[in-house]
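The values are calculated or read from the model by the stated rules, or taken from the named source; none is laboratory data. All values derive from a computational prediction rather than experimental measurement. Ideal geometry is used to build each Cβ from the backbone, glycine not excepted, and the neighbour counts take in all protein chains shown. Protein only, heavy atoms only, side chains kept; ligands, DNA and RNA dropped before computing areas. Shrake-Rupley method; radii C 1.70, N 1.55, O 1.52, S 1.80 Å.
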Amino acid sequence: MKIAIIEDELLAVNYLKNLLDTQSIVPVTETVILRSKKQAIEFFEKDSADLIFMDIHLGDGMSLEIFEQIELFSPIIFITAFDEYAMRVFRHFTIDYLLKPFEEEDLHKALQKFISIRNNFDPEPVLKSISSLRQAEDEVMKRFMVREGNKLKSIDEHNTAYFFASGKYLFLTTKDHQTYIYDDTIKDIIQKLNPEIFFKINRKFIINKDAVSEIIKHSSQKVELRLSPEPEVNTEIFISKMQIAECLSWLNK
C-alpha cells in the first residue's frame, strides 16, 4: 500500500514513519512525505495514495484548505494537537482522528479500523455518487453573464468552450475565441454546470466536451487534452490523474 503523510514537523514525520515501518497491520510498500499544503496539492493533482495521514495545521495554512482546490477520495487519518476540528474532518473520507501526542497503540487501533472498513465496505458506489453530485436540474446554469466594456453580455452554455483559472481570476473562453473575466470560482461554478456538457479536468480547467480537439495518452496515468480554441495561457493541459477514467468515460458518451 502507498501511504501519504501530510505533516510539516520533521520530528512528527519521523515518529509516524517509524511506527508505520515497524507495525504489521498494514503492508506499506511506499511512503510519500508531503511537508506543506502546496506539496500535497501538487502531488494529489497527479497521483494518489491508499491511505493518508494528515496534520491539520501546516506551515503554509490549514490542510483542510486542500479540499477547496482538489478532490480527495482516499481514506484519511487526521493527526492534530487540537480537538476542535473533529466535527469538520468527518465531512471527508475520515477513518480516525488522532490527538497528539498519540501512542503506538492509538495508531494500531486506527489502522485496524481502516482495515475493517476496507474489508467490509465497497467505496465505489459512494465515490461515483460524490463525483456525480450536481445541483438540481432547475438550478443548472445555461447562460453566463460577462462584462464587455461598459456593457453586459450573456453567453450560452453551448458557445462556452471552457473556463480556466489563472491567478485570482476565473476566465470564460467562447468557441469563437473570445475570453472574458467571469465573476465566480472554479470550485463553485462546477456545481452549477450541466455535467453532460462540462467536466472539471483539473484544478484550473473546466471544459466543454465539444472543445476537445485531441486526446493524447502519454501513459495510463498521463493524458493530455488539446482544446479548440487553444487557451491564451501557454500551457499543456493534463487531466488530473484521479479524474482520467471518469473523464474519458464522459468524453465517450
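Pull out all pairs, ordered by first then second residue, where Cβ-Cβ is under 8 Å, the residues are six or more apart or on different chains, the first lies in segment 166-188 and is over 13 Å from residue 205 (Cα atoms) and of a type in the set (Ser, Thr, Tyr), and the second is open to solvent by less than 80 Å² (accessible area, probe 1.4 Å) and not in a strand (DSSP E or B).
Within 8 Å, the pairs are 174/159; 182/189.
Yes or no, residue by residue, for (1) under 27 Å from residue 48 (Cβ atoms); (2) among the basic types (Lys, Arg); (3) modelled with pLDDT of 95 or more; (4) out of contact with any Pro (no Cβ under 7 Å at 6 or more places or on another chain):
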site: 160; (1), (2), (3), (4): no, no, yes, yes
site: 169; (1), (2), (3), (4): no, no, no, yes
site: 177; (1), (2), (3), (4): no, no, no, no
site: 184; (1), (2), (3), (4): no, no, no, yes
site: 195; (1), (2), (3), (4): yes, no, no, yes
site: 223; (1), (2), (3), (4): yes, no, no, yes
site: 229; (1), (2), (3), (4): no, no, no, yes
site: 240; (1), (2), (3), (4): yes, no, no, yes
site: 244; (1), (2), (3), (4): yes, no, no, yes
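What is the one condition in (1) more than 16 Å from the chain's Cα centre (by Cα); (2) open to solvent by 10 Å² or more (accessible area, probe 1.4 Å) that residue 50 does not satisfy?
(1)
Looking at this structure, is residue 79 touching a helix residue (DSSP H, G or I) at 6+ places or on another chain (Cβ under 6 Å) and open to solvent by less than 20 Å² (accessible area, probe 1.4 Å)?
It is false that residue 79 is touching a helix residue (DSSP H, G or I) at 6+ places or on another chain (Cβ under 6 Å) and open to solvent by less than 20 Å² (accessible area, probe 1.4 Å).
Can you tell me how many residues in segment 1-19 are buried (at least 16 other Cβ atoms within 10 Å of the Cβ) and touching a Ser or Thr at 6+ places or on another chain (Cβ under 7 Å)?
Of the residues in that region, 5 qualify.
If you take the residues in segment 199-247 that are open to solvent by 60 Å² or more (accessible area, probe 1.4 Å) and aliphatic (A, V, I, L, M), which one is farthest from residue 189 (Cα to Cα)?
215
Considering only residues that are outside any strand (DSSP E or B) and touching a strand residue (DSSP E or B) at 6+ places or on another chain (Cβ under 9 Å), look in segment 148-175 and name the one that is most open to solvent (accessible area, probe 1.4 Å).
158
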